[in-house]
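The values are calculated or read from the model by the stated rules, or taken from the named source; none is laboratory data. Not measured: the values here are computed from a predicted model. Reconstructed Cβ throughout: ideal geometry from the backbone, glycine too, with neighbour counts over all protein chains shown. Please note that ligands, DNA and RNA were not included when accessible areas were found on the heavy atoms of the full protein model with its side chains. Shrake-Rupley method; radii C 1.70, N 1.55, O 1.52, S 1.80 Å.
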Amino acid sequence: MADVILLLDKTARANAIKGVAGMRSFFYWADAIASGASAKQSLYHKIIYKITTDSEEIRLLEEALIQQGLSASLEAVSLELKKTRISGCYRNQDFGRNRRHGF
């Protein structure tokens, strides 16, 4: 995730895009993902739209993510988190059930 922020910042500077997304935006994004939001979808609301809302500038930022392979990485992160949440959910349910029965 930090690589995404750094790349977007570098790309914005190189293309004279005026907006910025700093550490606060990074933390909001991380919190959104931890709360179950898609990494890629929340990237737009928490990071990209803080940098710019111009469609041409957004396209430049998206291209940079794709060229560096970070767009695909965000998809992988979302899938991995879903797997972790599902398996964690089952473990928590089992733990609660065993605890009620005194095991």
Exercise for the section: Starting from residues that are of a type in the set (Phe, Trp, Tyr) and open to solvent by less than 50 Å² (accessible area, probe 1.4 Å), keep the ones in the range 1-41 and report whichever is farthest from Lys83 (Cα to Cα). Expected result: Phe26
Practice task
Under 6 Å between Cβ atoms, at least 6 apart or on separate chains: pull out the pairs that start in the range 69-81 with a residue that is surrounded by 12 or more Cβ atoms within 10 Å (Cβ to Cβ) and end on any residue that is in a helix (DSSP H, G or I) and among the basic types (Lys, Arg).
Solution key: Leu74/Lys40
